[in-house]
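Visitor: Right, I'll just put the structure down here and ask away after.
Please treat every number below as a calculation from the coordinates, not as lab data. All figures in this text were calculated on a predicted structure; none of them were measured in a lab. As a convention, Cβ positions derive from the backbone with ideal geometry for all residues, glycine included, and neighbour counts pool all protein chains shown.
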Protein chains: 2
Amino acid sequence: MISKACQYGIRAAIFIASRHSDGIKLNIKQIACEVDAPEAFTAKILQVLNKHHIITSLKGPYGGFFIEEFQLEQPVINIVNAIDGLSVFKECGLGLKQCSASHPCPMHDQYKIARDALQNAFQKTSIRHLALQVNEGSSFINNLVLKN
Amino acid sequence: MISKACQYGIRAAIFIASRHSDGIKLNIKQIACEVDAPEAFTAKILQVLNKHHIITSLKGPYGGFFIEEFQLEQPVINIVNAIDGLSVFKECGLGLKQCSASHPCPMHDQYKIARDALQNAFQKTSIRHLALQVNEGSSFINNLVLKN
DNA sequence: TCTATAAAAGATAAATTTATCTTTTATAAA
DNA sequence: TTTATAAAAGATAAATTTATCTTTTATAGA
């Protein structure tokens with residue numbers, strides 16, 4: 001559906017947002033660890049998010065990643081856009097170059113319902129809202145550790 | 001959403017179904033051409049569909065691919081299952097290994113709506129139904145050719 | 001039985017995505 | 001200003017997906 005890079009990016013952004021508080025910065029090691037993502041790969045992804053002003057970073061000692069107040073309001077689709085682009089929400093389910101109501105693939109109508117629902121899911125949800133859920137303990141951004 | 005291989009497979013199956021009539025067989029060249037898919041790759045994909053009994057093939061002269069009456073009734077999700085598997089319809093939107101109502105990711109509910117809609121789209125549609133639409137001329141499985 | 005035909009099977013290559021490692025740059029504090 | 005720290009940037013590697021090419025197998029008809 002969306003790429004692994006994008007999934008890592010969303011989880012990381014939610015984690016950073018969940019720790020939002022004045023002056024707090026998180027480094028890649030912490031972030032990658034908390035969201036169960038490969039560290040170096042996550043670093044690359046956070047670079048992209050920073051360039052798109054979805055999160056903010058600061059180099060040097062006491063540096064790290066954080067999210068600013070105004071950034072918390074952004075919809076998650078902004079992260080998808082930064083990493084994967086918005087083509088998932090536009091493209092034909094059967095891979096036709098052009099597929100629309102006027103030249104539809106045979107699955108167009110049904111597929112569009114799912115595609116729109118997906119877009120809706122990412123569009124209507126803010127980073128703040130998701131972080132809040134994690135802080136409440138009602139949802140999670142890391143994998144369960146199985147006990148023996 | 002679904003792989004290119006799977007998209008080619010669905011388009012090819014629909015095309016074969018749209019030409020269904022006693023004794024008619026289509027070869028890979030025709031099929032690949034009609035659905036705008038790479039020929040050799042399409043051949044590989046049709047092998048898989050044949051193994052899963054979604055279409056039927058016959059080697060040798062006057063051989064080729066065709067679909068049998070009983071195969072026409074199958075839902076398109078059978079093709080997805082044969083090529084990509086059903087994991088798209090089960091996996092977490094944020095890539096968590098376990099994500100369910102009891103241990104949800106923060107997007108679980110919204111994402112599940114989209115994921116279920118997608119599954120529904122493929123589950124409720126038969127190959128016959130899609131082929132019919134193509135034969136009616138109300139939908140298409142190939143790319144528009146742009147005129148200059 | 002021989003020949004031609006078309007798919008199956010197998011091997012390999014190209015492209016993309018995922019992932020890691022090294023070097024450079026920015027920055028805060030001593 | 002020097003040093004330590006952490007991200008940015010750049011290079012490279014591994015894995016997966018997409019795609020192609022070659023050889024083998026099945027089959028119909030002459």
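Visitor: Determine the alpha carbon to alpha carbon distance for each of B:29/B:59; A:4/A:44; A:112/B:97; B:90/B:124; B:90/B:112; B:25/B:124 and list only those over 20 Å.
Guide: Over 20 Å apart, Cα to Cα: A:112/B:97; B:25/B:124.
Visitor: Can I ask one more? How shielded is B:135-145 by partner chains, expressed as the average number of their Cβ atoms within 10 Å of its Cβ atoms?
Guide: The mean count of partner-chain Cβ atoms within 10 Å per residue comes to 4.
Visitor: Related question: So which residue, out of B:52, B:108, B:129, gets the largest mean-square fluctuation from a GNM of chain B using Cα contacts under 10 Å as springs?
Guide: Comparing B:52, B:108, B:129 in the GNM, the peak value goes to B:108.
Visitor: A further question on this structure: Test of understanding: extend the Cα→C-beta vector of residue A:51 to 7 Å, then name every residue of segment A:70-101 with backbone N under 13 Å from that spot.
Guide: Label zone hits: A:82-85.
Visitor: Same structure again: Alpha carbon centre of segment A:102-131 versus segment B:7-66: separation in Å?
Guide: 31 Å
Visitor: To the nearest whole number, what is the average tally of beta carbon atoms from other chains within 10 Å of the beta carbons of peptide A:93-105?
Guide: 6
Visitor: Another question, if that's okay. Using the alpha-carbon atoms, what tilt in degrees (0 to 90, nearest 10) does helix B:127-136 show relative to the longest principal axis of chain B?
Guide: Helix B:127-136 sits roughly 60 degrees off the main axis of chain B.
Visitor: For A:115-126, what's the mean count of beta carbons from other chains sitting within 10 Å of each residue's beta carbon?
Guide: Details: counts 5, 2, 9, 9, 1, 3, 10, 5, 1, 1, 4, 0.
The per-residue average across the peptide is 4.
Visitor: How much space per residue, in cubic angstrom, does the convex hull of the C-alpha atoms of segment A:81-142 take up? If you can, show how the numbers build up before the last one.
Guide: On the way: hull volume 7.2 nm³, N = 62.
Per residue, the Cα convex hull of segment A:81-142 comes to 117 Å³.
Visitor: How far is residue B:116 from the same spot in each other copy, in nm, shortest first, if each label point sits 7 Å from Cα toward Cβ?
Guide: Distances to the matching label points in the other copies: 1.8 nm.
Visitor: Another question, if that's okay. Assuming 0.692 mPa s and 37 °C, estimate D for segment B:31-109 with Stokes-Einstein, Rh taken as the Kirkwood radius over Cα pairs, in µm²/s.
Guide: The diffusion coefficient I find is 215 µm²/s.
Visitor: Roughly what angle does helix A:108-123 make with the longest principal axis of chain A, taking Cα atoms, 0 to 90 degrees, to the nearest 10?
Guide: Approximately 20 degrees, to the nearest ten.
Visitor: Would you be so kind as to identify which of A:140, A:23, A:77 lies farthest towards the positive end of the dipole of the protein assembly as shown, taking Lys and Arg as +1 and Asp and Glu as -1 on Cβ and the Cα centre as origin?
Guide: Of the listed residues, the answer is A:23.
Visitor: In percent, how large is the relative contact order of segment A:1-88, given Cα pairs closer than 8 Å and 6 or more residues apart?
Guide: On the way: 103 pairs, mean separation 33.4, N = 88.
That works out to 38 percent.
Visitor: Each residue of segment B:57-70 in turn: what ³J(HN,Hα) in whole Hz from Karplus with 6.51, -1.76, 1.60 and θ = phi - 60°, glycine and Pro shown as x?
Guide: 10, 9, 7, x, x, 6, x, x, 10, 7, 10, 8, 3, 5
Visitor: Relative to the compact globular guide of 2.2 N^0.38 Å, what is the alpha carbon radius of gyration of segment A:1-134, as a ratio?
Guide: 1.19
Visitor: Determine the dipole magnitude for segment B:53-148: charges of +1 sit on the beta-carbon of Lys and Arg, -1 on that of Asp and Glu, nothing else is charged, the reference point is the Cα centre, and the result goes in debye to the nearest 20. Present the calculation step by step, with values, prior to reporting the outcome.
Guide: Details: 8 positive and 8 negative charges, 47 e Å.
Charge dipole, segment B:53-148, about its Cα centre: 220 debye, nearest 20.
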